[in-house]
Amino acid sequence: MSHVKPDTRKLILDTGEELLLTRSFSAFSYSNIAGALGVKNAAIHYHFPSKTDLGVAIIQRYRRRFKRWTEQQEILSADPWQKMEWYFDLTVRYYDQNQRICPTGVLSAEFLVLPEEMQVETRLFVEDLLAWCTRILEEGQQQGYFIFAGVAREKAVNIMAALQGGLQLTRVLASAELLDNIARQIRIELGAVGQPV
(Lines give C-alpha, C1' and ligand atoms only; values in the text may rest on other atoms or scores of the structure.)
Protein backbone atom coordinates (compact mmCIF):
# COMPACT_ATOMS: atom_id res chain seq x y z
CA MET A 1 0.00 0.00 0.00
CA SER A 2 1.60 3.26 -1.11
CA HIS A 3 1.22 6.55 0.72
CA VAL A 4 1.12 9.78 -1.20
CA LYS A 5 3.38 12.32 0.45
CA PRO A 6 1.50 15.58 1.09
CA ASP A 7 2.60 18.53 -1.02
CA THR A 8 4.13 20.79 1.64
CA ARG A 9 4.29 23.82 -0.66
CA LYS A 10 0.58 23.51 -1.48
CA LEU A 11 -0.32 23.06 2.20
CA ILE A 12 1.64 26.22 3.07
CA LEU A 13 -0.15 28.15 0.30
CA ASP A 14 -3.55 26.82 1.43
CA THR A 15 -2.89 27.81 5.03
CA GLY A 16 -1.46 31.20 4.07
CA GLU A 17 -4.50 31.88 1.93
CA GLU A 18 -6.88 30.96 4.75
CA LEU A 19 -5.03 33.27 7.16
CA LEU A 20 -4.95 36.09 4.60
CA LEU A 21 -8.71 35.94 4.05
CA THR A 22 -9.71 35.53 7.70
CA ARG A 23 -7.07 37.71 9.42
CA SER A 24 -5.17 39.81 6.81
CA PHE A 25 -1.60 39.60 5.55
CA SER A 26 0.00 41.58 8.38
CA ALA A 27 -1.91 39.67 11.08
CA PHE A 28 -0.29 36.28 10.59
CA SER A 29 3.27 34.96 10.74
CA TYR A 30 5.15 31.88 9.66
CA SER A 31 4.68 30.61 13.22
CA ASN A 32 0.90 30.55 12.65
CA ILE A 33 1.39 28.45 9.51
CA ALA A 34 3.96 26.19 11.17
CA GLY A 35 1.63 25.60 14.12
CA ALA A 36 -1.34 24.79 11.88
CA LEU A 37 0.69 22.34 9.78
CA GLY A 38 2.80 20.86 12.56
CA VAL A 39 6.08 21.77 10.88
CA LYS A 40 9.05 23.97 11.78
CA ASN A 41 9.38 27.53 10.45
CA ALA A 42 12.42 26.34 8.49
CA ALA A 43 10.15 24.10 6.37
CA ILE A 44 8.18 27.18 5.31
CA HIS A 45 11.33 29.22 4.63
CA TYR A 46 12.56 26.38 2.40
CA HIS A 47 9.61 26.91 0.03
CA PHE A 48 9.12 30.65 0.61
CA PRO A 49 12.32 32.35 1.86
CA SER A 50 10.37 35.46 2.92
CA LYS A 51 6.78 36.25 3.78
CA THR A 52 6.73 38.53 0.75
CA ASP A 53 7.55 35.51 -1.44
CA LEU A 54 4.58 33.70 0.08
CA GLY A 55 2.30 36.71 -0.41
CA VAL A 56 3.27 37.06 -4.07
CA ALA A 57 2.74 33.32 -4.64
CA ILE A 58 -0.74 33.50 -3.08
CA ILE A 59 -1.79 36.41 -5.33
CA GLN A 60 -0.36 34.72 -8.43
CA ARG A 61 -2.32 31.63 -7.48
CA TYR A 62 -5.51 33.73 -7.26
CA ARG A 63 -4.80 35.13 -10.71
CA ARG A 64 -4.35 31.66 -12.21
CA ARG A 65 -7.49 30.45 -10.47
CA PHE A 66 -9.51 33.43 -11.75
CA LYS A 67 -8.23 32.86 -15.31
CA ARG A 68 -9.34 29.22 -15.17
CA TRP A 69 -12.73 30.29 -13.75
CA THR A 70 -13.35 32.78 -16.57
CA GLU A 71 -12.23 30.26 -19.21
CA GLN A 72 -14.66 27.73 -17.76
CA GLN A 73 -17.44 30.33 -17.90
CA GLU A 74 -16.87 30.84 -21.61
CA ILE A 75 -17.29 27.08 -22.17
CA LEU A 76 -20.41 26.78 -20.01
CA SER A 77 -22.42 29.80 -21.16
CA ALA A 78 -22.46 32.73 -23.58
CA ASP A 79 -25.17 34.51 -21.58
CA PRO A 80 -23.80 37.70 -19.92
CA TRP A 81 -26.50 37.51 -17.22
CA GLN A 82 -25.39 34.01 -16.28
CA LYS A 83 -21.76 35.13 -16.04
CA MET A 84 -22.76 38.03 -13.79
CA GLU A 85 -24.78 35.65 -11.59
CA TRP A 86 -21.72 33.42 -11.23
CA TYR A 87 -19.77 36.50 -10.09
CA PHE A 88 -22.42 37.19 -7.43
CA ASP A 89 -22.27 33.54 -6.33
CA LEU A 90 -18.48 33.71 -6.07
CA THR A 91 -18.80 36.64 -3.65
CA VAL A 92 -21.39 34.85 -1.51
CA ARG A 93 -19.18 31.75 -1.32
CA TYR A 94 -16.38 33.78 0.26
CA TYR A 95 -18.69 34.83 3.09
CA ASP A 96 -20.06 31.30 3.50
CA GLN A 97 -16.49 30.01 4.03
CA ASN A 98 -15.71 31.28 7.54
CA GLN A 99 -16.90 34.84 6.75
CA ARG A 100 -13.92 35.45 4.50
CA ILE A 101 -13.40 38.71 2.67
CA CYS A 102 -12.60 38.32 -1.01
CA PRO A 103 -8.87 38.45 -1.85
CA THR A 104 -9.00 41.82 -3.60
CA GLY A 105 -10.93 43.26 -0.66
CA VAL A 106 -8.37 42.28 1.97
CA LEU A 107 -5.43 43.17 -0.27
CA SER A 108 -6.95 46.57 -1.07
CA ALA A 109 -7.55 47.30 2.62
CA GLU A 110 -3.88 46.58 3.39
CA PHE A 111 -2.48 47.88 0.12
CA LEU A 112 -0.35 50.74 1.48
CA VAL A 113 1.46 48.50 3.96
CA LEU A 114 2.02 45.58 1.59
CA PRO A 115 5.54 44.98 0.22
CA GLU A 116 6.02 46.54 -3.22
CA GLU A 117 6.15 43.15 -4.97
CA MET A 118 2.72 42.31 -3.54
CA GLN A 119 1.35 45.72 -4.53
CA VAL A 120 2.38 45.04 -8.13
CA GLU A 121 0.63 41.63 -8.13
CA THR A 122 -2.45 43.10 -6.41
CA ARG A 123 -2.79 45.77 -9.11
CA LEU A 124 -2.50 43.10 -11.81
CA PHE A 125 -5.13 40.96 -10.07
CA VAL A 126 -7.56 43.90 -9.74
CA GLU A 127 -6.98 44.72 -13.42
CA ASP A 128 -7.75 41.08 -14.32
CA LEU A 129 -11.09 41.35 -12.52
CA LEU A 130 -11.97 44.74 -13.95
CA ALA A 131 -11.04 43.70 -17.50
CA TRP A 132 -13.25 40.61 -17.22
CA CYS A 133 -16.21 42.49 -15.73
CA THR A 134 -15.85 45.28 -18.32
CA ARG A 135 -15.86 42.72 -21.13
CA ILE A 136 -19.01 41.03 -19.79
CA LEU A 137 -20.76 44.39 -19.48
CA GLU A 138 -19.77 45.38 -23.02
CA GLU A 139 -20.97 42.04 -24.38
CA GLY A 140 -24.23 42.44 -22.48
CA GLN A 141 -24.73 45.96 -23.82
CA GLN A 142 -23.97 44.97 -27.41
CA GLN A 143 -26.30 41.96 -27.28
CA GLY A 144 -29.11 43.88 -25.58
CA TYR A 145 -28.92 42.06 -22.24
CA PHE A 146 -27.76 45.04 -20.19
CA ILE A 147 -29.10 48.58 -20.35
CA PHE A 148 -27.20 51.03 -18.17
CA ALA A 149 -25.96 54.60 -18.36
CA GLY A 150 -22.26 55.36 -18.46
CA VAL A 151 -19.10 53.56 -19.50
CA ALA A 152 -18.68 49.80 -19.01
CA ARG A 153 -15.34 50.05 -17.17
CA GLU A 154 -16.73 52.61 -14.71
CA LYS A 155 -19.74 50.36 -14.15
CA ALA A 156 -17.35 47.43 -13.57
CA VAL A 157 -15.52 49.45 -10.90
CA ASN A 158 -18.88 50.28 -9.30
CA ILE A 159 -19.97 46.62 -9.24
CA MET A 160 -16.64 45.42 -7.84
CA ALA A 161 -16.66 48.10 -5.13
CA ALA A 162 -20.25 47.26 -4.17
CA LEU A 163 -19.52 43.54 -3.82
CA GLN A 164 -16.25 44.06 -1.92
CA GLY A 165 -17.81 46.61 0.42
CA GLY A 166 -20.83 44.36 0.84
CA LEU A 167 -18.64 41.49 2.02
CA GLN A 168 -17.04 43.71 4.65
CA LEU A 169 -20.37 45.10 5.88
CA THR A 170 -21.87 41.60 5.91
CA ARG A 171 -19.04 40.50 8.19
CA VAL A 172 -19.74 43.36 10.62
CA LEU A 173 -23.55 43.14 10.53
CA ALA A 174 -23.62 39.30 10.31
CA SER A 175 -26.31 39.52 7.64
CA ALA A 176 -25.78 37.38 4.54
CA GLU A 177 -29.02 38.88 3.21
CA LEU A 178 -27.10 42.11 2.59
CA LEU A 179 -25.16 40.49 -0.28
CA ASP A 180 -28.41 39.32 -1.88
CA ASN A 181 -29.75 42.88 -1.67
CA ILE A 182 -26.60 44.27 -3.32
CA ALA A 183 -26.86 41.72 -6.15
CA ARG A 184 -30.54 42.62 -6.60
CA GLN A 185 -29.67 46.31 -6.85
CA ILE A 186 -26.91 45.63 -9.41
CA ARG A 187 -29.39 43.62 -11.51
CA ILE A 188 -31.82 46.55 -11.45
CA GLU A 189 -29.06 49.01 -12.41
CA LEU A 190 -28.07 46.75 -15.32
CA GLY A 191 -31.63 46.98 -16.61
CA ALA A 192 -32.83 43.56 -15.48
CA VAL A 193 -35.82 42.59 -17.58
CA GLY A 194 -37.20 39.15 -16.86
CA GLN A 195 -34.30 38.55 -14.48
CA PRO A 196 -34.74 37.43 -10.84
CA VAL A 197 -34.83 40.80 -9.05
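The values are calculated or read from the model by the stated rules, or taken from the named source; none is laboratory data. Since the model is a prediction, treat every value here as computed from it, not as a measurement. Using ideal geometry, Cβ is built from the backbone for each residue, glycine included, and neighbour counts are taken over all protein chains shown.
On the given criteria, is E177 of a type in the set (D, E, K, R) and under 19 Å from W86 (Cβ atoms)? Against the criterion (of a type in the set (D, E, K, R) and under 19 Å from W86 (Cβ atoms)), E177 does not qualify. Within the stretch 41-54, the set of residues being part of a helix (DSSP H, G or I) and farther than 19 Å from D7 by Cβ comprises K51, T52. Output the residues belonging to the stretch 66-75 that are loosely packed, with under 11 Cβ neighbours inside 10 Å and not acidic (D, E). Across the stretch 66-75, the qualifying residues are R68, I75. Looking at this structure, is E74 part of a helix (DSSP H, G or I), of a type in the set (D, E), at negative phi and at pLDDT below 95? Yes; evaluated as a whole, the condition is true for this residue. The selection criterion, being at pLDDT 95 or above, surrounded by 13 or more Cβ atoms within 10 Å (Cβ to Cβ) and either in contact with a His (Cβ under 9 Å, 6 or more places away or on another chain) or aliphatic (A, V, I, L, M) (or both), does not hold for I101. Would you point out which residue out of W69, W81 is within 19 Å of G105 (Cα to Cα) and among the aromatic types (F, W, Y)? The conditions single out W69.
Where helices (runs of 4 or more DSSP H) fall wholly inside the stretch 81-197, the ranges with 2 or more residues that are of a type in the set (G, A, S) and within 25 Å of E18 (Cβ to Cβ) are 103-109, 152-173. Residues that are among the aliphatic types (A, V, I, L, M) and farther than 20 Å from S24 by Cβ within the stretch 55-89 comprise I75, L76, A78, M84, listed in sequence order. Of all the criteria given as (1) more than 25 Å from W132 (Cα to Cα); (2) free of Cβ contacts under 8 Å to residues at least 24 places away in the same chain; (3) outside any helix (DSSP H, G or I), the one not satisfied by I33 is (3).
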